[in-house]
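K.L.:
Sharing a structure below in structure tokens format, with a few things to ask.
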Amino acid sequence: MSELQTAEATSGYTTADGRQIGGTLMDMKNITLRFGGVEAIKNISFDIREGEIRAIIGPNGAGKSSMLNVISGFYVPQEGEVWFKGERRGQLKPYQVARLGIARTFQNIALFDGMTVLDNIMTGRLNYIKSGLFSQALWWGKAEREETENRAQVEKIIDFLEIQNIRKTPVGRLPYGLKKRVELARALAAEPQLLLLDEPMAGMNVEEKEDMSRFILDVNDEFGTTIALIEHDMGVVMDLSDRVVVMDYGRKIGDGTPDEVRNNQDVIDAYLGVAHD
């Protein structure tokens, strides 16, 4: 990589509302993912900058979830490179990717219904548990300090997401919108540099979407967390995102600010179902 390419890859920008976005946090370079003979992702490149909210959108079957699974380590692409914090990432397992500072939520909620809200969120702190099993069992020394520190961080997130009144409630008893908020809390408990949100508004009513949108903006603003999200609600995407990458049938057909994307003819055609020769 030349010096010029390196400088371009790490430069930041200023948003329309005056926020300063940093350099490249994650760089997806020429990613191709195949399942058998089917290409789910076809030679796609894009980056995610420090401090921004980056959306990945497209019609059903565009390859968005596959891309999120590549970023989080659930899928390994046959071609291309994934760079994070200036270093090329090898073939890591999802838990190893999480240790790098990447956390995610899922389209289909992945919580423990029989556990309380508090205990579910505490599972997001697993990477911060360093004491041995014996110390944990007896709650001695380092284990006691870790428990205190981890619980304090979790309580901070519970307050932040306004779920104090359900902290002792089993997750299985909660309505769908609150479960999505608990899943966000668990991801935040990992203190990620990059937070991946897979359809955070899916299945929500208008009021729940407004709450979730507010929390996403607050997470980005107050914690400084970089966010990449997949979302079908175009109103939400255009309101929240600093930049948007658009996929269709595994290809990248657009990349830019919300205004640039909404005026991109290829994007308009993809959403209207216009065929091209």
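The values are calculated or read from the model by the stated rules, or taken from the named source; none is laboratory data. Since the structure is predicted, the reported quantities are computational estimates derived from the model, not experimental observations. Cβ atoms come from the backbone with ideal geometry, glycine included; neighbour counts cover every protein chain shown.
K.L.:
Cβ-Cβ under 6 Å, sequence separation 6+ or interchain: first residue in the range 162-184 and surrounded by 20 or more Cβ atoms within 10 Å (Cβ to Cβ), partner among the acidic types (D, E). Which pairs?
P.N.:
Short answer, once both residue conditions are applied: V171/D113.
K.L.:
Look at L68 and say whether it is in contact with a Pro (Cβ under 8 Å, 6 or more places away or on another chain) and closer than 19 Å to I253 by Cα.
P.N.:
Spelling it out, it is not the case that L68 is in contact with a Pro (Cβ under 8 Å, 6 or more places away or on another chain) and closer than 19 Å to I253 by Cα.
K.L.:
Can you tell me which residues in the range 44-83 are under 12 Å from M26 (Cα atoms), touching a residue at least 60 places away in the same chain (Cβ under 8 Å) and part of a strand (DSSP E or B)?
P.N.:
Listed by number, the residues that qualify are S45, F46, I48, R49, R54.
K.L.:
Give just the number: which of (1) buried (at least 18 other Cβ atoms within 10 Å of the Cβ); (2) in contact (Cβ under 8 Å) with a residue 60 or more places away in the chain; (3) over 22 Å from E52 (Cα atoms); (4) not acidic (D, E) does M204 not satisfy?
P.N.:
(2)
K.L.:
Follow-up. Considering only residues that are without any contact (Cβ under 8 Å) to a residue 60 or more places away in the chain and touching a Ser or Thr at 6+ places or on another chain (Cβ under 9 Å), which ones fall in the range 224-257?
P.N.:
V236, D239, listed by residue number.
K.L.:
Considering every residue within the range 22-29, establish whether at least one is at pLDDT 95 or above, in a strand (DSSP E or B), of a type outside the set (D, E, K, R) and closer than 26 Å to D269 by Cβ.
P.N.:
yes
K.L.:
Could you check, for the range 193-214, whether at least one of its residues is at pLDDT 95 or above, more than 21 Å from K64 (Cβ to Cβ) and touching a Gly at 6+ places or on another chain (Cβ under 6 Å)?
P.N.:
yes
K.L.:
Scan L195, L188, L229 and give me the residue that is touching a strand residue (DSSP E or B) at 6+ places or on another chain (Cβ under 8 Å), more than 22 Å from I41 (Cα to Cα), of a type outside the set (V, I, T) and buried (at least 22 other Cβ atoms within 10 Å of the Cβ).
P.N.:
On inspection, the qualifying residue turns out to be L188.
K.L.:
For the condition farther than 24 Å from M234 by Cβ, crowded, with 17+ Cβ neighbours inside 10 Å and hydroxyl-bearing (S, T, Y), what is the one hit in T32, T105, T24?
P.N.:
When all the criteria are applied, what remains is T24.
K.L.:
Let me ask another. So, G58, is that one closer than 18 Å to L240 by Cα, out of contact with any Phe, Trp or Tyr (no Cβ under 9 Å at 6 or more places or on another chain) and at pLDDT 90 or above or not?
P.N.:
Here the answer is no, as G58 does not meet what is asked.
K.L.:
Can you name the residue in the range 152-170 that is farther than 18 Å from M212 by Cβ and within 23 Å of the chain's Cα centre (by Cα) and, of all such residues, is modelled with the lowest pLDDT?
P.N.:
Among residues in the range 152-170 that are farther than 18 Å from M212 by Cβ and within 23 Å of the chain's Cα centre (by Cα), the one modelled with the lowest pLDDT is Q153.
K.L.:
While we're on this one: Looking only at the range 113-136, how many residues end up being outside any helix (DSSP H, G or I) and modelled with pLDDT under 90?
P.N.:
Counting residues in the range 113-136 that are outside any helix (DSSP H, G or I) and modelled with pLDDT under 90 gives 4.
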